[in-house]
Amino acid sequence: MIYEMSPFVLLLDWEGFEKDKYVHTVLEDNLLPNYLEKCSWFAGRNRKNWRIKITGAVRMKCGDTEFFFTYLQIRYSSGEPESYLFPVSFVGEETSDIPENAFISRASLDEKEGFLVDAVYDPAFRLAIFKSLLSSASTRQKNEQVLEFERGKGLEDETETESCFIDIDGNNTAFVYNNKYFFKLYRNLYQGINPEIESLRFFSRKEKFSNYPKYCGSINLTEENTPLYTFGVMTEYIADSKDNWSLTGDYLNDFIIGLVDGNFQVKEQVFVKVAQLGKRTAVMHDALFDPGAEEAFRPEQINRSYRTEIHRKLEEALDKRYDTLIDMYMDLDEQTQALAWQFMEAKDKILNFIDQILTRVFNSLRIRIHGDFHLRQILINAKGIHMIDFEGEPNTPISKRITKHSPLKDVASMIRSYHYAVSAKLYNSEQTQMIPEKDLLRASDRWYKLMRDTFLEEYLTYFGPHHTLLKNNNEVNYLLQFHLLEKAINELGFEISNRPSWIKIPLKGILDVVREIEKLRTV
């Protein structure tokens, strides 16, 4: 592919790269649009009519070599712009260890011919990050901002360093060093220190919770010792592991074999694993519950301003989903139409339930939580359960991610993940195609409720009936249903926009909450 590139040569000047209007314009208009369309971390790659604007560049020095972290602002014809972190490096013509998909353009730097490349694929860039973290290096910028490399306690001295780029789903980019360390480059650029850094530091001071990868370091841009952005984090690498979504899929494969033969069978091992996760989730939240902690982690009341905000967001989301379903109702399949009709009929009941968040008495507290808790965020290996990715919702501003919530928001998110796991597996398996859809729905519902109840029982048993964090059953029941509804309505919005054939999954989740609403009593 290198030899099929345009003969155009981009003239680089590293000394003035931060404000090089010529290079920025060529990248914005000619080189990066086609490149970004291939990048899985770029959320807008399938949208139309977007433009790139380079809004900044941060210099990184390691010895005599320099690299740049560029800020890319993506502007759309409608909607808010997005900002991404995109590191670049220059490599000589003789390079042979960089994959074809990394090349952006032929280039010339200091009279040397070579290429401008996506730096994550450049072994020299990855090595520079590792060396800089080991030495707690820093690079002062021309505007007096400082790129700081913080070494964590989990990073040991290494005499040799091997690195590899690894593909991960989602919004970030990852490297592995010496099969011991995992580095994650945050692609979405949001102002403030990433919550993952704060959470990992916090957990490192807690003895009761150890189911997380050790903190090994981070890269932050600071100004007058105040963090502006977090560029990346290094943690312990959880080797020889499998994520819990895949593991649950394996269990469901066994379940489907029995179902096809007319049997509803769930192996005891499945209940054991779900119970273990329920307990470790409770331990995580207990560790995050620290009345003596610094302000960022100190528990808070479920106060009026918080209630008003989550009420507003959920009510607006509900109205939007309701209106959209009306517009697309005739395009839905028969079963989804039936579920959508029940949802639309229940709107007033749902609104009345949501309104109770404003008037109920709550003595339970809210804390910092995981914030994006689902089966893919759980890794399992011979050493046990490991919870990862404490950054929160990656497409949400940092200021929103650090909002404290009831821990039941995490619980609801995991419960919904189990519902998705069984629904996706049963509806999309070739083995279940001959089973009537109503029978599939009933089987998936039974399996999901067994997992839900197993997880919840273990989780709530850990805290007991009168823990300060979860004060009483009435509050637990209401808050759990509120956050289950919140999660399912957000899922419905995603499926409407991306996978209309899956709309039935969150609709079923919403109707489950509607049934539970009947059992609740306003306090």
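The values are calculated or read from the model by the stated rules, or taken from the named source; none is laboratory data. For clarity, every value in this text was computed on a predicted model and none was experimentally measured. Note: ideal-geometry Cβ built from the backbone for every residue, glycine included; neighbour counts use all protein chains shown. Note: accessible area is taken over every heavy atom of the protein model, side chains too, but ligands, DNA and RNA are not part of it. Shrake-Rupley method; radii C 1.70, N 1.55, O 1.52, S 1.80 Å.
Here is the list for the range 39-147: trypsin sites (Lys or Arg not before Pro) lying in DSSP coil, each with at most 12 other C-beta atoms within 10 angstrom of its C-beta, are Lys48, Lys142.
Simple spin-label estimate for Asn253 and Ile166 gives 2.1 nm between the two label positions (7 Å along the Cα-to-Cβ direction from each Cα). Surface exposure of the chain, expressed per residue as accessible area with a 1.4 Å probe, stands at 47 Å².
Residues Met5, Met434 ordered from highest to lowest accessible area at a 1.4 Å probe: Met434, Met5.
If you fit an axis through the alpha-carbon atoms of helix 504-517 and take the longest principal axis of the Cα set of the chain, what angle between them do you get, 0 to 90°, nearest 10? Between the helix axis and the principal axis of the chain, the angle is about 50 degrees.
Helical content alone sets the calculated 222 nm signal of the chain at -13500 deg cm²/dmol, taking -39,500 (n - 2.57) per DSSP H segment of four or more residues and averaging over every residue.
Computed as a quarter of the hull surface, the mean projected area of the alpha carbon convex hull for the range 217-360 stands at 16.1 nm².
In whole angstrom, how far apart do the alpha carbon centroids of the range 454-507 and the range 365-392 sit? Centre-to-centre (Cα) distance: 16 Å. Considering only Val120, Asn143, Phe183, the residue lying farthest towards the positive end of the dipole of the range 119-191 is Asn143, judged by Cα position with unit charges set on Cβ. Distance between the 7 Å Cα→Cβ label points at Arg307 and Lys142: 5.4 nm. Put simply, the chain fits an ellipsoid with semi-axes of 43, 27, 24 Å; these come from the alpha carbon gyration tensor as the roots of five times its eigenvalues, largest first.
Under 12 Å from a point placed 7 Å out from the Cα of Gln276 along the Cα-to-Cβ direction: which residues of the range 235-270 have their backbone N that close? Only 242, 244, 269-270 pass the distance filter.
Using Cβ point charges alone (K and R +1, D and E -1), the dipole size of the chain about the Cα centre works out to roughly 1920 debye. Largest first, the residues Asp286, Asp157 sort by 1.4 Å accessible area into Asp157, Asp286.
By the Kirkwood approach, averaging reciprocal distances over each pair of separate Cα atoms, the range 331-471 gets a hydrodynamic radius of 18.3 Å. Solvent-accessible area of the range 217-340 (1.4 angstrom probe, protein heavy atoms only): carbon and sulfur portion equals 45 percent. The figure for Lys449 is an accessible area of roughly 60 square angstrom, using a 1.4 Å probe on the protein chains alone.
In the range 142-196, the C-alpha radius of gyration followed by the widest Cα-Cα span (Dmax) gives 13.8, 37 angstrom. For the range 215-307, GluC sites (Glu not before Pro) meeting the loop criterion (DSSP other than H, G, I, E, B) and having at most 11 other Cβ atoms within 10 Å: Glu224, Glu294. Spin-label model, Asp355 to Ser501: label points 7 Å out along the Cα-to-beta-carbon direction sit 4.1 nm apart. Full extension of the segment from Leu228 to Gln342, taken as 0.36 nm per residue of separation minus the current Cα-Cα distance, would add 36.3 nm.
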